[in-house]
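Remarks on the structure that follows.
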Amino acid sequence: MSEKTPETIIEKIAKYSAGLEAVSRKRRRDFHKYPETAWLEMRTSAIIAETLTELGYEVLTGRQVCLEEARMGVPEKTVLEKHAEMVLEQGVPGEYLTEEMRQGFTGVIGILRCGEGPVVALRFDIDALGLIEEKTEKHRPFAEGFSSENYGMMHACGHDAHGAMGLGIAQVLMEIKDQLHGTVKLIFQPGEEGARGARGIVAHGHLDDVDYFVGTHIAPTKGPDDGDITPGTWGSLATSKYDAHFYGQAAHAGGFPENGKSAVVAAANAVLNLTAISRHSGGSSRVNVGMIQGGTGRNVVPDHAVIQFEVRGETTEINRFMDEEARRICMGAAHMLGCRCEMILQGGSESQHSDEDFLEWIAGVVERDLPRLRVSSCKNAKNWGSEDISLMMNRVQEHGGKAVYMRSMTSMASAQHTVGFDFDEKVLVDGIETFSVIVWELMRDSHAAAH
């Protein structure tokens with residue numbers, strides 16, 4: 001009778017990943033049911049911290065994750081306090097909901113130290129969007145009882161999937177930790193929507209010693225993403241997102257209008273002139289004013305108005321041009337009307353690119369170790385929109401490390417950022433297995449290198 005061939009590490013990873021299908025689906029649906037927008041990811045962070053702690057990871061939370069002065073767009077104290085009280089009623093592990101989390105210091109980093117070797121960082125964003133989820137029987141989350149319980153918040157981009165993937169990967173890596181050489185950092189990032197969260201993590205120094213950085217986003221199977229995995233992406237637009245407050249002088253609009261300085265007129269001038277910023281010869285650019293608000297009544301010269309707008313650029317340099325022009329226009333519009341303008345940066349990111357040699361290496365790993373998954377015919381697809389993962393990638397690349405931003409393809413019920421969004425949960429196990437194999441191949445030897 002022949003002896004049974006011992007399982008390879010790849011086979012063990014496949015078995016462990018498949019065994020996490022049910023718990024990963026449960027985690028995803030729990031995150032989906034209780035979505036939390038930027039800096040409010042208190043329940044989500046507490047659950048992640050609890051899980052990583054129980055697995056045996058070194059866990060960083062609160063101010064250990066994000067540098068306070070680098071955070072952007074943090075809600076007011078009253079909003080934070082109200083949300084904290086709400087999540088206590090939703091089954092949050094109380095001992096892990098720290099006072100710092102309640103102050104908006106959300107996000108978690110899990111660290112697994114396995115001796116000498118490369119430092120590998122994986123990033124999973126965990127925040128939701130400000131949408132009101134569809135409540136019809138044709139929408140699976142509603143029909144199956146896991147649609148949003150938090151009104152005005154919804155996981156409509158797939159970050160619930162990313163969080164569940166990250167916890168599954170944490171379990172698999174702990175199972176094979178004796179086969180790893182080096183350090184793994186699992187970064188569960190708050191505030192990706194609006195490009196608000198990565199800056200604080202980068203400013204804290206968490207990427208400064210990273211040799212290899214890998215992130216992913218679930219995406220629909222279409223266009224260049226014709227496989228299960230697209231190993232690299234490039235070209236997400238750099239962006240700056242502002243609230244511009246205009247302050248004038250109130251006055252009676254009929255009796256003494258000459259005593260007033262209209263903040264609304266100043267804001268309106270800024271809106272019109274922002275759309276007239278010159279295009280740049282170096283590449284694509286964008287500008288959009290998404291909100292204007294001001295005044296108290298038709299017979300009062302308004303003393304306050306605010307606009308929310310963003311600029312974007314194909315490169316960091318083009319966005320810098322758009323940013324500087326936007327600031328000049330807002331300040332000039334205020335000055336022209338005798339008003340004052342205060343501009344608050346609420347979010348921002350840079351342009352990004354995946355390292356060609358690293359993404360080709362990952363494509364080879366998937367083709368060799370994960371034959372059930374197909375690599376897209378376009379291995380390095382152009383990104384859409386903007387993504388503050390760029391700040392992490394750029395910091396790693398600046399000191400000679402390698403970084404990629406992958407896509408994990410899945411069928412979707414409707415487009416991302418829509419109220420009927422949902423996806424095929426098969427992608428959870430696919431993502432867990434893919435990340436785990438990549439980490440093992442990078443760390444299987446203390447001298448391992450991806451290029």
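The values are calculated or read from the model by the stated rules, or taken from the named source; none is laboratory data. None of these values were measured; they are calculated from a predicted model. Neighbour counts are summed over all protein chains in view; Cβ atoms, including those assigned to glycine, are modelled from backbone coordinates with ideal geometry. Each accessible area value is taken on the protein alone, full model and side chains, heavy atoms only, with ligands, DNA and RNA left out. Shrake-Rupley method; radii C 1.70, N 1.55, O 1.52, S 1.80 Å.
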**Prompt:** In the stretch 351-374, how many residues are in a helix (DSSP H, G or I) and more than 30 Å from VAL311 (Cα to Cα)?
**Reply:** 12
**Message:** If SER284 satisfies all but one of (1) loosely packed, with under 15 Cβ neighbours inside 10 Å; (2) out of contact with any Leu (no Cβ under 8 Å at 6 or more places or on another chain), what's the number of the condition it fails?
**Reply:** (2)
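So which residues in the stretch 317-339 are surrounded by fewer than 16 Cβ atoms within 10 Å (Cβ to Cβ) and of a type outside the set (Asp, Glu), if there are any at all?
ARG320, ARG328, GLY332, HIS335, MET336, GLY338
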**Asked** With (1) open to solvent by 60 Å² or more (accessible area, probe 1.4 Å); (2) polar (S, T, N, Q); (3) over 27 Å from ASN150 (Cα atoms) as the list, and SER411 as the residue in question, which single condition is left unmet?
**Response** (3)
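Yes or no, residue by residue, for (1) among the aromatic types (Phe, Trp, Tyr); (2) surrounded by fewer than 21 Cβ atoms within 10 Å (Cβ to Cβ); (3) more than 21 Å from MET174 (Cβ to Cβ); (4) touching a residue at least 60 places away in the same chain (Cβ under 8 Å):
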| position | (1), (2), (3), (4) |
| --- | --- |
| PHE31 | yes, no, no, yes |
| GLU41 | no, no, yes, yes |
| GLU54 | no, yes, no, no |
| THR61 | no, no, no, no |
**Item:** Of all residues in the stretch 166-201 being open to solvent by 10 Å² or more (accessible area, probe 1.4 Å) and in a helix (DSSP H, G or I), the one that is nearest to LEU237 (Cα to Cα)
**Value:** ARG199
**Item:** Criterion (among the small types (Gly, Ala, Ser), in contact (Cβ under 8 Å) with a residue 40 or more places away in the chain and touching a Lys or Arg at 6+ places or on another chain (Cβ under 8 Å)) met by exactly one of GLY248, GLY223
**Value:** GLY248
**Request:** Among residues belonging to the stretch 142-165 that are under 18 Å from the mean Cα position of the chain (by Cα) and assigned to a loop (DSSP other than H, G, I, E, B), point out the one that is farthest from GLU21 (Cα to Cα).
**Result:** MET153
**Fill in**
Reported set for the stretch 202-211 where residues are open to solvent by 30 Å² or more (accessible area, probe 1.4 Å) and assigned to a loop (DSSP other than H, G, I, E, B) is HIS204, ASP208, ASP209, ASP211
